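Worksheet: one structure, shown below.
The values are calculated or read from the model by the stated rules, or taken from the named source; none is laboratory data. Everything numeric here is computed off the predicted structure, so don't read it as measured data. Here the Cβ positions follow ideal geometry from the backbone for every residue, glycine too, while neighbour counts run over all protein chains shown. Accessible surface is based on the protein model in full, side chains and every heavy atom, while ligands, DNA and RNA are left aside. Shrake-Rupley method; radii C 1.70, N 1.55, O 1.52, S 1.80 Å.
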Amino acid sequence: MKTIRVSLGSAAALGLKKVRIDCLPTTIYIMTPGKCRARCLFCSQWIQRDYLSRVHWPEFTVEDVVSHLKKDQRVCIQCLNYEGVFEEVMELAGRLQDKTGAISVSAHPFSREEICSLHPYIDRISINMDCATQSLFEKIKPYYSWKNHLSSLLYAKRIFGAFKAGSHLIVGLGETEEEMGRMMAWLYHHELTCSLFAFTPLPGTPLEKVKKPDITYYRRLQAAHYLMYDRGETLRFENGLISNLNDDIPPEAFTTRGCPGCNRPYYTETPRNIYNFPYTPTESQRNLVKAQLKRIDTPGCNDSTCPKKSQ
Ligand code: SF4
């Protein structure tokens with residue numbers, strides 16, 4: 001494998017590209033170079049191979065990327081699904097290992113043998129459900145099987161250990177607050193990590209007309225994530241909503257959550273409309289978050305998903 005794709009921000013952080021960016025990634029995001037065959041309905045791979053979400057991923061030689069890596073800088077390998085991708089991931093992880101022990105792989109389900117052979121080279125694995133319910137999964141990720149994804153996740157946890165394996169979840173694909181809360185709780189109770197992403201409508205994809213999730217809905221899920229993963233609390237549900245949220249939630253709850261050092265700057269949002277803060281929010285941003293959360297009594301999750309809209 002001669003070349004790989006690198007997110008634009010990561011290329012800037014490595015000094016491979018000069019771009020004006022107000023927040024550099026604290027993890028280097030690279031992507032396997034092939035063409036994905038899975039066609040998940042939200043994914044930019046439908047339209048452009050050099051994009052993932054709203055981010056451009058230019059191509060560089062593997063040599064260039066490895067030689068610019070700083071010692072122990074986390075690298076996250078985003079895997080597309082095509083013939084031979086696993087061999088490429090193994091080759092990459094082998095070449096990166098001398099430079100950094102902090103390697104994450106974000107992927108579709110690999111076989112049990114593959115998960116075992118990958119384990120000595122990486123410290124974190126994410127097998128991404130993306131969807132909060134089986135019906136949404138089957139509609140939005142028809143190439144995959146819900147059951148196979150879940151069993152692959154549980155197997156990865158057995159091999160990597162507690163909270164070293166996990167899943168990405170995309171908020172705003174048509175789930176209700178309770179459905180997303182229950183999926184997060186399932187991950188937590190199986191000692192799996194959970195990384196929240198805000199759905200991003202991309203022109204040219206089948207979901208281009210779906211709206212971004214309401215910010216209050218998203219903030220409530222970030223608060224729920226914090227209560228579970230940072231305080232070990234159990235979520236309770238009433239009328240389709242999480243009923244035991246409180247407003248004693250610190251600002252770090254609204255930053256990007258995932259592998260250590262993962263901040264994914266503006267991966268699913270713009271600097272003007274931030275869902276996952278890639279840095280600790282400023283004073284004024286904290287006040288904004290409080291105001292966004294205050295709409296707790298008039299939750300504004302997407303019209304199509306709002307179980308009950310208070311008048
Ligand atoms: S949480 Fe971040 S570093 Fe971890 S797999 Fe996901 S994108 Fe990569």
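For region 186-214, how many residues meet the condition of being closer than 17 Å to Ala165 by Cβ and not in a loop (DSSP other than H, G, I, E, B)?
Final tally of qualifying residues: 8.
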> Considering only region 37-54, how many residues are closer than 27 Å to Lys99 by Cβ and either out of contact with any Phe, Trp or Tyr (no Cβ under 6 Å at 6 or more places or on another chain) or surrounded by fewer than 19 Cβ atoms within 10 Å (Cβ to Cβ) (or both)?
Replying inline: 4
> Out of region 83-100, which residues are in a helix (DSSP H, G or I), surrounded by fewer than 18 Cβ atoms within 10 Å (Cβ to Cβ) and charged (D, E, K, R)?
Replying inline: Glu87, Glu91, Arg95
>> Which pairs turn up if I take residues in region 191-205 that are among the acidic types (Asp, Glu) and look for partners that are surrounded by 21 or more Cβ atoms within 10 Å (Cβ to Cβ) and modelled with pLDDT under 95 with beta carbon separation below 8 Å, at least 6 apart in sequence or on another chain?
In response: none
> Can you tell me which residues in region 252-281 are more than 15 Å from the ligand (Cβ to nearest atom), open to solvent by less than 20 Å² (accessible area, probe 1.4 Å) and among the β-branched types (Val, Ile, Thr)?
Replying inline: Ile274
>> Please go through (1) in a helix (DSSP H, G or I); (2) within 14 Å of the ligand (Cβ to nearest atom) for Tyr217 and return the number of the only condition it doesn't satisfy.
In response: (2)
> Picking from Tyr188, Tyr155, which residue would you name as being within 26 Å of Glu269 (Cβ to Cβ) and either open to solvent by less than 60 Å² (accessible area, probe 1.4 Å) or among the polar types (S, T, N, Q) (or both)?
Replying inline: Tyr188
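Condition first: in a strand (DSSP E or B), over 25 Å from Asn273 (Cβ atoms) and touching a residue at least 60 places away in the same chain (Cβ under 8 Å). Now tell me which residues in region 220-254 satisfy that. Outline the logic, then answer.
Filtering region 220-254 for residues in a strand (DSSP E or B) gives 237-238, 241-242.
Add one more test, that the residue is over 25 Å from Asn273 (Cβ atoms), and what stays is 237-238.
Across region 220-254, there are no qualifying residues.
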